[in-house]
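First up is the structure itself, then whatever we jot down about it.
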């Protein structure tokens, strides 16, 4: 069972991560850049000449690891679901360097017995060279097996912390822009080399045991694909123009499927959702982005 006080005060050591130009290129390949060998704009993220780093790479940097698997957390880690992800860019990511990730738990919401709990985390990413703040990330984990913890005496306020502001709904009007991006059949096998190495994304037997017909693509890889769609559609592939991007994960993607991002623009604010064309199912919803 979740121990409210212990979880709110969970101590995260700073995570120091050094990455190279090859790491930046590997991440871009993992989320589908370079699919068209004649596209010079995509080439700048997967080729060392004039290399740029994709803004969404920040979400795989300075990561504290699968800390919720620690028995002291009291969390039933087998039933975890990555619910939402947000990213605010304070300046473009260098093509290579050393960064420091600093994480903390910002809130715990008890949805009730049998209804699960929400754990909110924040991670800041700093450039070790000058201490500059590069990015701030928000991560919401849906702990399906941990609702009702606040019903127990002295285990935090009833209901846990106040529910955070809900993500805005997607407009019900036709989208202003659509961007279709394919994913490679081996996308998850590439992406796991720069981020999450959970066998769910590689081993058929593990995926089948989890209830999927085959390995699924990482949620944050799908996140990278929609980030690419916004960068392409509204930022002319200029990383400095993408200021923020946040989503709710709705359904998994299977590697090899085509992700269609539907977008609505209101000035510098973009609303969006994404679906896979092959199954006509929404995989990312309640998406928002800010552009310069």
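With respect to the conditions (1) touching a residue at least 60 places away in the same chain (Cβ under 8 Å); (2) not in a helix (DSSP H, G or I), residue 190 falls short on a single one, namely (2). Taken over the stretch 5-44, the residue count meeting the criterion of being on the phi > 0 side of the Ramachandran plot and free of Cβ contacts under 8 Å to residues at least 60 places away in the same chain is 1. Within the stretch 276-287, the residues that satisfy the criterion of being closer than 16 Å to residue 174 by Cα and in contact (Cβ under 8 Å) with a residue 40 or more places away in the chain are 285, 286, 287. Annotation note: of 194, 235, the sole residue that is under 30 Å from residue 64 (Cβ atoms) and at pLDDT below 95 is 194.
Would you be able to say whether some residue in the stretch 89-96 is farther than 30 Å from residue 46 by Cβ, within 15 Å of the chain's Cα centre (by Cα) and either in contact (Cβ under 8 Å) with a residue 40 or more places away in the chain or surrounded by fewer than 16 Cβ atoms within 10 Å (Cβ to Cβ) (or both)? Give the steps one after another, and end with the answer.
Quick first cut of the stretch 89-96, residues farther than 30 Å from residue 46 by Cβ only: none.
No - not one qualifying residue is present in the stretch 89-96.
Just checking, does the stretch 140-154 include any residue being closer than 30 Å to residue 240 by Cα and modelled with pLDDT of 90 or more? Yes, some residue in the stretch 140-154 is closer than 30 Å to residue 240 by Cα and modelled with pLDDT of 90 or more. Checking residue 188 against (1) in contact with a helix residue (DSSP H, G or I) (Cβ under 7 Å, 6 or more places away or on another chain); (2) within 24 Å of residue 244 (Cβ to Cβ): exactly one of these is not met. Which one? So the condition that residue 188 fails would be (2). Of the residues that make up the stretch 277-292, is at least one surrounded by fewer than 17 Cβ atoms within 10 Å (Cβ to Cβ) and at pLDDT below 95? Within the stretch 277-292, one or more residues are surrounded by fewer than 17 Cβ atoms within 10 Å (Cβ to Cβ) and at pLDDT below 95.
Looking only at the stretch 160-183, which residues are in a loop (DSSP other than H, G, I, E, B) and at pLDDT 95 or above?
First pass over the stretch 160-183, keeping only residues in a loop (DSSP other than H, G, I, E, B): 161-176, 183.
173, 174, 175, 176, 183, listed by residue number.
Each row is one residue, and each column tells you yes or no for (1) under 21 Å from residue 135 (Cα atoms); (2) modelled with pLDDT under 95; (3) touching a strand residue (DSSP E or B) at 6+ places or on another chain (Cβ under 6 Å).
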site	(1), (2), (3)
199	no, yes, no
203	no, yes, no
214	no, yes, no
240	yes, no, no
245	yes, no, yes
259	no, no, yes
263	no, no, yes
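Residue count for the stretch 58-81 under the criterion of being out of contact with any strand residue (DSSP E or B) (no Cβ under 7 Å at 6 or more places or on another chain), surrounded by 15 or more Cβ atoms within 10 Å (Cβ to Cβ) and without any contact (Cβ under 8 Å) to a residue 60 or more places away in the chain: the result is 2. Among residues of the stretch 217-275 being part of a strand (DSSP E or B) and free of Cβ contacts under 8 Å to residues at least 24 places away in the same chain, the one that is surrounded by the fewest Cβ atoms within 10 Å (Cβ to Cβ) is 266.
Count of the stretch 123-142 residues, restricted to those that are crowded, with 21+ Cβ neighbours inside 10 Å, within 14 Å of the chain's Cα centre (by Cα) and more than 19 Å from residue 7 (Cβ to Cβ), is 1. Those helices (runs of 4 or more DSSP H) of the stretch 1-54 in which at least 3 residues are touching a helix residue (DSSP H, G or I) at 6+ places or on another chain (Cβ under 9 Å) and closer than 19 Å to residue 242 by Cα, considering only elements entirely within it, cover 21-30. Against the test of being farther than 17 Å from residue 15 by Cβ and part of a strand (DSSP E or B), the options 95, 91, 121, 85 yield a single qualifying residue, 85.
The values are calculated or read from the model by the stated rules, or taken from the named source; none is laboratory data. Quick caveat: nothing in here was measured; it's all calculated off a predicted structure. Methodologically, a virtual Cβ is constructed for each residue, glycine included, from the backbone with ideal geometry; neighbour enumeration extends over all protein chains shown.
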